[in-house]
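The values are calculated or read from the model by the stated rules, or taken from the named source; none is laboratory data. Worth saying up front: this structure is predicted, and the values here are computed from it rather than measured. Cβ coordinates were reconstructed from backbone atoms using ideal geometry, including for glycine residues, and neighbour counts include every protein chain displayed. Side chains included, ligands, DNA and RNA excluded: accessible areas come from the protein's heavy atoms. Shrake-Rupley method; radii C 1.70, N 1.55, O 1.52, S 1.80 Å.
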Amino acid sequence: MTIYERPAELLQNLIRFDTTNPPGNEAACIQYVDGLLHEAGFETTLLERTAGRPNVLARLKGEGSAPPLLLYGHVDVVPTVGQDWQHPPFSAEVIDDYIWGRGALDMKGGVAMMLAAFLRARAEGLSLSGDVIMCVVSDEEDGGDDGAKFLVEQHADLFEGVRYAIGEFGGFALYIDGKRFYPIQVSEKGVTWFTGTVRGPAGHASTPMPGGTMASLAKVLDRVCNQRLPIHITEPARLMFQAMAAGLDSPMKDQILGLLDPSQTDDILDEMGETGRMFNALLHNTASPTMLQASNKINVIPGEVSLRIDCRVLPGESPETAMREIQALAGDALQLKIDRSDAPPASIDMGLFDTLSDILREADPDGTPMPLLMPAATDGRFFARIGIQTYGFLPMNLTPDFDFWGTIHAANERIPVSAVDFGTRAVYEALRRFK
Ligand SMILES: [Zn+2]
């Protein structure tokens, strides 16, 4: 059996490269992928912005009756420090039919599915309507500067004509109110980082300063952390909640539909508890203060305090709008400055959605595919800049007891061997059906 027939083993090999980002160290892992592509007869293109952090691309020729389809995934992973793993995170042991290790879900599992499907398509001479481009990147987990962002900014010509891509994040079984769904990511939020500054009189700590900088900061934090920014019902959120509601029974169904009525949205989110906290991020721009800098001396009351705010911007909205919203909430004591901004996708193109959801419906007639708006960022936001619509489609037929969200970026990340096979078949079907 060749490697494409053994996607689980391919995944084990990928996990065994420690690509913790930072610093990434993706070179050996990318070279392994490059080697597999070469062995299968592909010519590859290796591109790097920073030495030791390459990205690799290969292309499988189609008839040319459809635009090229892009498959992309990242091989870097988030750190494991301070986490209590039951099995070592880079040894990729198979235990009770699970492959254990960092990246099993996010997203070396997905890279294994795509690579296996891509290699199989070539080996079996699958007739393709359009070219298929396989692109494996570095640096997704730490901003993408050496990965997708670099490729989109410096090598956009390699993606000429591509309209649709398959990437993360989605395709995994998700259980809501006892029903099984398959969310397929169709859009995501953008990332804007702010520095906020609060100023006031400085002084000697022996003589307290009521109403000073620290008191102003406390007011700002109280507002920004405990109140919501305005509601925005965006197109991807509407499609997502409508599809979800269609697969549910009352009263949950009515609650989900109620979220789309702005006069009820926030009240329903409050009623929903933890689920509401998740959905909140899909219906508002959000602002999370995460870092603070104040006095550098214990006995000096600071005249200036700065805080960094991680703001996530809904698709179709602008960082400037989000900034105005935060400013209005925080009040005049806070001065905001944008440090970095990766805009969200401006619009969505649902053209490939039905093909992908048909594949999942046939593979699992009891599951309901639905569009997913991601609250977090993926490389999809960079490809969106050059007009590419990403579908998060790495199908995994997980059981209800499997804690998907609880193990992503956390300890004990693992994936059922059967889910790797399930996803590989589904991605291969997508290549076969793409027109
Ligand atoms: Zn990822």
Among the residues of the stretch 148-189, count how many are over 22 Å from Ala426 (Cα atoms) and at pLDDT below 95.
3
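Sort out which residues of the stretch 129-141 are away from the ligand (no atom under 16 Å from the Cβ) and open to solvent by 10 Å² or more (accessible area, probe 1.4 Å), and write them in order of number.
So the first thing to find is which residues in the stretch 129-141 are away from the ligand (no atom under 16 Å from the Cβ), and the list is 129-134.
Answer for the stretch 129-141, where residues must be away from the ligand (no atom under 16 Å from the Cβ) and open to solvent by 10 Å² or more (accessible area, probe 1.4 Å): Ser129, Asp131.
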May I ask you to say which residue of Ala117, Ala104 is within 13 Å of the ligand (Cβ to nearest atom) and closer than 28 Å to Thr390 by Cα?
Ala104
Positions within the stretch 83-98 being under 16 Å from Gly406 (Cα atoms) and more than 16 Å from the ligand (Cβ to nearest atom), in sequence order:
Gln83, Asp84, Trp85, Gln86, Tyr98
Among the residues of the stretch 142-170, what is the count of those that are surrounded by 23 or more Cβ atoms within 10 Å (Cβ to Cβ) and within 13 Å of the ligand (Cβ to nearest atom)?
7
Restricting attention to the stretch 48-73, the residues that are open to solvent by less than 50 Å² (accessible area, probe 1.4 Å) and either under 16 Å from Phe118 (Cβ atoms) or not assigned by TED's automatic domain parsing to the domain that holds Gly110 (or both) number exactly 12
Restricted to the stretch 187-201 and to residues being farther than 9 Å from Leu314 by Cα and not in a strand (DSSP E or B), the residue most open to solvent (accessible area, probe 1.4 Å) is Pro201
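Report, by residue number, each residue of the stretch 62-82 that is part of a loop (DSSP other than H, G, I, E, B) and either within 16 Å of the ligand (Cβ to nearest atom) or touching a Lys or Arg at 6+ places or on another chain (Cβ under 7 Å) (or both).
Across the stretch 62-82, the qualifying residues are Ala66, Pro67, Val75, Asp76, Val78, Pro79, Thr80.
Can you say whether Ile338 is in contact with a helix residue (DSSP H, G or I) (Cβ under 7 Å, 6 or more places away or on another chain), touching a residue at least 12 places away in the same chain (Cβ under 8 Å) and within 27 Å of Leu307 (Cα to Cα), as far as the supplied structure shows? It would help to see each step written out before you state the result.
Working: in contact with a helix residue (DSSP H, G or I) (Cβ under 7 Å, 6 or more places away or on another chain): yes; touching a residue at least 12 places away in the same chain (Cβ under 8 Å): yes; within 27 Å of Leu307 (Cα to Cα): yes.
When the stated conditions are applied, Ile338 passes them.
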Go through (1) open to solvent by 50 Å² or more (accessible area, probe 1.4 Å); (2) under 30 Å from Gln242 (Cβ atoms) for Glu124 and report which single condition fails.
(2)
Pairs only if they're at least six apart or on different chains, beta carbon under 8 angstrom, first in the stretch 349-375 and of a type in the set (Val, Ile, Thr), second not in a helix (DSSP H, G or I); list them, first residue then second.
Thr355/Phe434; Ile359/Pro395; Thr368/Lys179; Thr368/Arg180; Thr368/Phe181; Thr368/Tyr182; Thr368/Gly247
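Would you say Phe393 is in the same structural domain as Ile15 (by TED's automatic domain parsing), touching a Leu at 6+ places or on another chain (Cβ under 8 Å) and surrounded by 17 or more Cβ atoms within 10 Å (Cβ to Cβ)? Working first, answer last.
Working: in the same structural domain as Ile15 (by TED's automatic domain parsing): yes; touching a Leu at 6+ places or on another chain (Cβ under 8 Å): yes; surrounded by 17 or more Cβ atoms within 10 Å (Cβ to Cβ): yes.
So Phe393 passes the test.
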Reported set for the stretch 237-259 where residues are open to solvent by less than 10 Å² (accessible area, probe 1.4 Å) and under 18 Å from Asn280 (Cα atoms) is Ala237, Met240, Phe241, Met244, Ala245, Ile256, Gly258, Leu259
The residue from Thr234, Thr265 that alone is β-branched (Val, Ile, Thr), more than 22 Å from Pro319 (Cβ to Cβ) and surrounded by 15 or more Cβ atoms within 10 Å (Cβ to Cβ) is Thr265
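For the stretch 286-327, which residues satisfy the criterion of being polar (S, T, N, Q), closer than 26 Å to Ser187 by Cβ and surrounded by 17 or more Cβ atoms within 10 Å (Cβ to Cβ)?
We begin by selecting, within the stretch 286-327, every residue polar (S, T, N, Q); these are 286, 288, 290, 293, 295-296, 299, 306, 318, 321, 327.
After this cut, where a residue has to be closer than 26 Å to Ser187 by Cβ as well, the list is 286, 288, 290, 318, 321, 327.
Across the stretch 286-327, the qualifying residues are Thr286, Ser318.
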